[in-house]
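The values are calculated or read from the model by the stated rules, or taken from the named source; none is laboratory data. The shown structure was predicted, so the numbers you read here are calculated from the model rather than taken from an experiment. Note: ideal-geometry Cβ built from the backbone for every residue, glycine included; neighbour counts use all protein chains shown. These area figures cover heavy atoms from the full protein model, side chains too; ligands, DNA and RNA do not enter into them. Shrake-Rupley method; radii C 1.70, N 1.55, O 1.52, S 1.80 Å.
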Amino acid sequence: NKSVDDKFKEIAPAKVVLRLFLTRQNYQINVYHKLLKELNARHVTLVAVSKTHSPSRILDFYHQGQRIFGENRVQELLSKAEKLPADVEWHLIGHLQTNKVKYIASFIRLIHSVDSLRLLAEIEKQAKNAGRTIDCLLQFHVAQEDSKFGLNPAAAILLLESEAFRAMQNVRICGVMG
């Protein structure tokens, strides 16, 4: 019998992803470049959290070389995706409802918030319809607030050991988010 830690080591090689919230302090391009240089030296992927920011502000970072942006709402993501260059790599970092997966399945790079087998099954279905594989992170409930979403370790193991998950071919679990 494997421990919880052993189960999660089997998911995928560790990859560090840092989220940068675009604020006045780090909006200065020179601060951004210094941070990016430090992160690249450590093989850390930077996801610029662009929620609540205008496409023009996001475009400023795009012109400086940032290509990975995270949104927490599907509606806002869709609006920005149609206004920004096609080579932007979009991450969904907020809670995702199953009825909204179909809107992002054709282009989303990584879903950070898979909190149920039901959601994962819908991602699988929509990814298959789009003819692609979607990378996902399992979301763990680590907050003290009941209003937050996520799996507990036992539920995650059940999901990963389920026949339904084993049959999936269009989703890839790349890690966890808490």
> Do you know which of the residues in the range 150-178 that are of a type in the set (Val, Ile, Thr) and under 20 Å from residue 94 (Cα atoms) is modelled with the highest pLDDT?
Replying inline: 171
> With respect to residue 3, is the statement that it is modelled with pLDDT of 90 or more and among the small types (Gly, Ala, Ser) true?
Replying inline: no
>> Between 126, 66, 75, which is part of a helix (DSSP H, G or I) and in contact with a strand residue (DSSP E or B) (Cβ under 9 Å, 6 or more places away or on another chain)?
In response: 126
> Can you name the residue in the range 131-149 that is modelled with pLDDT of 75 or more and part of a loop (DSSP other than H, G, I, E, B) and is also surrounded by the most Cβ atoms within 10 Å (Cβ to Cβ) among such residues?
Replying inline: 149
>> With at pLDDT 95 or above, among the hydrophobic types (A, V, I, L, M, F, W, C) and closer than 30 Å to residue 157 by Cβ as the only criterion, which of 84, 77, 110 stands out?
In response: 110
> residue 164: among the hydrophobic types (A, V, I, L, M, F, W, C), assigned to a helix (DSSP H, G or I) and over 15 Å from the mean Cα position of the chain (by Cα), yes or no?
Replying inline: yes
> Among the residues of the range 40-63, is any part of a loop (DSSP other than H, G, I, E, B), surrounded by 15 or more Cβ atoms within 10 Å (Cβ to Cβ) and modelled with pLDDT of 90 or more?
Replying inline: no
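Is it the case that some residue within the range 139-147 is acidic (Asp, Glu) and either in contact (Cβ under 8 Å) with a residue 24 or more places away in the chain or over 22 Å from residue 71 (Cβ atoms) (or both)? Quick ask: steps written out before the conclusion?
Kept after step one, since they are acidic (Asp, Glu), are these residues of the range 139-147: 145-146.
Adding the requirement that they be either in contact (Cβ under 8 Å) with a residue 24 or more places away in the chain or over 22 Å from residue 71 (Cβ atoms) (or both) leaves 146.
The answer is yes, given that some residue of the range 139-147 is acidic (Asp, Glu) and either in contact (Cβ under 8 Å) with a residue 24 or more places away in the chain or over 22 Å from residue 71 (Cβ atoms) (or both).
Hey, could you check the range 83-130 for residues that are small (Gly, Ala, Ser) and open to solvent by 70 Å² or more (accessible area, probe 1.4 Å) and say which is farthest from the chain's Cα centre (by Cα)? Reasoning before the result, please.
Step one: list which residues in the range 83-130 are small (Gly, Ala, Ser), which gives 86, 94, 105-106, 113, 116, 121, 127, 130.
When the remaining residues are screened for being open to solvent by 70 Å² or more (accessible area, probe 1.4 Å), the result is 86, 106.
Values: 86: 18, 106: 15 Å.
Result: 86.
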